[in-house]
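Contents: one structure, followed by commentary.
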Amino acid sequence: MKQPAPWVKPALEYGPLALFFVVFMFMRNRTVMLGGTEYGGFVVATMIFVPVLALTTFLLWRLTGKLSAMQLLTLVLVVLFGGLTIWLNDERFLKMKVTIIYAIFAGLLGLGLLLRKNWLELVMGEALPMQHEGWMKLTLRMVLLFAFMAVANEFVWRTMSDTAWVNFKTFGLPVIMFAFFMANAGLFNRYALEKEKD
């Protein structure tokens, strides 16, 4: 299979969120009348975001031949909660989706630790060769990270404006994730497996 250009995969993964942000910022103080119902900017942005995410996920699958569990779960929950947001004309459902995704991943990784099964290592071990002890420590830290992000999302959407939440979702959560992996660079180096020499 021909490999896509390096920029294609990130563009498909982050493009829908960027488009949601742009549409929301443009429409946040406006309303649209569709089928006799008035929709605010958040719901209009969701109407565009859901099908675009479905399309880009399909294109990712066609280009790479695979999708991660997180990509599939995100798509299912976006279609479900985005659909409810549009159908009921209530932005709370899409906002709750973020909390649910992070809570599910915290729960799954935490359950894996209790069962002494490191699912994170199974998923990422090939891309990031590391000793088992390193994976156990990283998994525990990621459980705490996902739990924190779920709580933070709940706090932001319940206490702040739509604009604050959209900014938090678009910029805040990715920055937290990036900072987390930068902070764990020492762990990756300490437990890294040396590649076998020919």
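Restricting the search to the stretch 35-81, which residues are among the small types (Gly, Ala, Ser), under 17 Å from the mean Cα position of the chain (by Cα) and at pLDDT 95 or above?
At the first step, the residues of the stretch 35-81 found to be among the small types (Gly, Ala, Ser) are 35-36, 40-41, 45, 54, 65, 68-69.
Next, only the ones that are under 17 Å from the mean Cα position of the chain (by Cα) stay: 54, 68-69.
Hit for the stretch 35-81 is Ala54, nothing else.
Give, as residue ranges, the helices (runs of 4 or more DSSP H) completely inside the stretch 116-194 that count at least 2 residues that are in contact with a Phe, Trp or Tyr (Cβ under 8 Å, 6 or more places away or on another chain) and closer than 30 Å to Phe42 by Cβ.
132-159, 162-167
Does Thr37 qualify as being closer than 29 Å to Gly107 by Cα, among the β-branched types (Val, Ile, Thr) and in contact (Cβ under 8 Å) with a residue 24 or more places away in the chain?
Answer is no for this residue.
Every residue in the stretch 102-132 that is in contact (Cβ under 8 Å) with a residue 40 or more places away in the chain and in contact with a helix residue (DSSP H, G or I) (Cβ under 6 Å, 6 or more places away or on another chain), please.
Tyr102, Ala103, Phe105, Ala106, Met130, Gln131
Which pairs turn up if I take residues in the stretch 170-190 that are under 15 Å from Phe146 (Cβ atoms) and look for partners that are of a type outside the set (Lys, Arg) and modelled with pLDDT of 95 or more with beta carbon separation below 7 Å, at least 6 apart in sequence or on another chain?
As it stands, the answer is Leu173/Met149; Ile176/Met149; Phe180/Leu145, since those pairs meet every condition given.
Evaluate the following for Val32: is it surrounded by 12 or more Cβ atoms within 10 Å (Cβ to Cβ), under 20 Å from Leu94 (Cβ atoms), in contact with a strand residue (DSSP E or B) (Cβ under 7 Å, 6 or more places away or on another chain) and at pLDDT 90 or above?
The answer is yes for Val32.
What number of residues in the stretch 15-34 are outside any loop (DSSP other than H, G, I, E, B) and in contact (Cβ under 8 Å) with a residue 40 or more places away in the chain?
Qualifying residue count for the region: 8.
The values are calculated or read from the model by the stated rules, or taken from the named source; none is laboratory data. Just so you know, these numbers come straight off a predicted model, no measurement behind them. Cβ atoms come from the backbone with ideal geometry, glycine included; neighbour counts cover every protein chain shown.
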